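These notes are about the structure you will find just below.
Computed from the coordinates by the stated procedures, all read-outs in this text should not be read as laboratory data. Because the structure is predicted, anything quoted here is derived from the model rather than measured. Note that we place each Cβ from the backbone using ideal geometry, even for glycine, and neighbour counts take in every protein chain shown.
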Amino acid sequence: MRTLDLLGAIPYLRAYAGQIFVVKAGGELLERPAWRDSVARDMAVLHRLGIRVVFVHGGGPQLDAATGGADKVAGRRVTSADTLAKAVQVWKGTLSLDWVTALEREGEKAVGISGVDGPILRATRRPPISIRDDAGVEAVVDFGEVGDVREVDVSALRAVLSIPAIPVLSPLALSDDYKALNVNADTVAAAVAVGLGAAKLILLTQAPGILSDPDDAGSVLHWTDLEELSDLEASGALRGGMRPKVAAIRKALDGGVPRVHVLDGRRQGALLEEVLTTDGSGTLVVKAADEAPAEPI
């Protein structure tokens, strides 16, 4: 990462002091301590500068390791009862603790919490649905113990933010019959960002941003809008785990979050560079082209 220009960052700090950023990272960023610690350091800096940060974590690779593999359709996990039990143990336990301690090593208070607590998230068990996979084959899929969010109550998150501390949120929701359900972490992050009236939703990935050509890492878009994303999706350029991300981006922007960012969480300092510099480090997504960013973005 290049050295940040502190004077150049002042307009961004003025614009976002006291605002809420929702940051989501997948479990892939726990696979190397350097990646995890870089993300934690960037979030700690933002928090110290007066931006209120809510962190949502996934844990796909860790759950795969605990269960012996994953059955996914169009980037979404099929969750059996046994897989859900493991998810509760791994996500609410090991991974939440790992992120909380990483933030506390950076000198920031953090509180591990899940969507079941509060409850922050209420969800309805997803019925079997017809879905088209990356190969274009359509089939009816029963995703099992997977929930579709129907209600968000952010009062518990606001209580943690008021400490002040960083909430570390695991992607679980409470069903109508008071059982935990698995919810895609990108979906959770979008729902929480809308509920909190966040200034930004930031999705940390293993790619430099959104690619116009998935086979060319150099085709990253500096900024885009929902219309272009729909075109990319129709062309097949958005595959696998990027598909639920695009659904989350759409939900956030349609719900009133003005800016969504997609960037490479493995790159040291990428989060700070994206939100505190003009050039950024990934892809900024706005709802429509006529909302293309004026500075600061």
Can you give the net charge of the other residues whose Cβ lies under 11 Å from the Cβ of Ala199, counting K and R as +1 and D and E as -1? +3
Using label points projected 7 Å from each Cα along Cα→Cβ, tell me how many nm separate His222 and Arg125, to one decimal. 5.0 nm
Mean-square fluctuation check for the chain, GNM, Cα pairs under 10 Å: which of Val22, Val45, Val194 is largest? Val45
For Asp290 and Ala234, calculate 0.36 nm times their separation in residues minus their Cα-Cα distance, and state this gained length in nm to one decimal. 18.0 nm
Output wanted: per-residue J couplings in Hz (rounded whole) for segment 233-239, from phi through Karplus 6.51 cos²θ - 1.76 cosθ + 1.60, θ = phi - 60°, x for Gly and Pro. 5, 5, 7, x, 6, 9, 10
Would you mind classifying segment 132-271 by shape? Square roots of the alpha carbon gyration tensor eigenvalues, ordered a ≥ b ≥ c; an a/c under 1.5 is rounded, otherwise it is prolate if a/b is larger than b/c and oblate if not. oblate
Which of these, Phe143, Phe21, Phe55, has the largest mean-square fluctuation under a Gaussian network model of the chain (Cα springs below 10 Å)? Phe143
Percent of beta bridges antiparallel (DSSP, the chain, rounded to nearest 5): 40 percent
Residue-ordered couplings for segment 102-119, obtained by feeding phi - 60° into the Karplus form 6.51 cos²θ - 1.76 cosθ + 1.60 and rounding to whole Hz (Gly and Pro as x), are 4, 5, 5, 5, 8, x, 10, 6, 9, 10, x, 8, 10, x, 6, 6, x, x
Among Val146, Val53, Val220, residue whose mean-square fluctuation peaks in a GNM of the chain (springs only between Cα atoms under 10 Å): Val220
Where Lys and Arg each count +1 and Asp and Glu each count -1, what net charge lies around Ala123 among other residues with Cβ under 15 Å from its Cβ? 0
Sort out for me the Cα centre separation of segment 204-231 from segment 82-103, rounded to whole Å. 30 Å
Give the long-range amide H neighbours of Val141: residues separated by 5 or more places, or on another chain, with amide H under 5 Å away, using H modelled in the peptide plane at 1.01 Å from N. Ile129, Ser130, Ile131
May I ask you to evaluate 6.51 cos²θ - 1.76 cosθ + 1.60, the Karplus curve with θ = phi - 60°, for each residue of segment 179-194 and list the ³J(HN,Hα) values in order in whole Hz, giving x for glycine and proline? 10, 6, 10, 7, 10, 3, 5, 5, 4, 4, 4, 5, 4, 5, 4, 5
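Can you classify segment 45-193 as rounded, prolate or oblate using the Cα gyration tensor, where a ≥ b ≥ c are the square roots of its eigenvalues, rounded means a/c under 1.5, and otherwise it's prolate if a/b beats b/c and oblate if not?
The shape class here is prolate.
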Tell me the label only: which of [x] 53, 44, 33; [y] 43, 42, 40; [z] 52, 50, 36 is Cα extents along the principal axes in Å as calculated from this structure? [x]
If each residue of separation counts as 0.36 nm, what is the full-extension length gain between Asp37 and Leu7 once their alpha-carbon separation is subtracted? 8.2 nm
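Can you give the net charge of the other residues whose Cβ lies under 12 Å from the Cβ of Gly112, counting K and R as +1 and D and E as -1?
Here the count lands on -1.
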Within segment 6-287, how many Lys pairs sit with Cα atoms under 17 Å apart, leaving out pairs fewer than 8 places apart on the same chain? 13
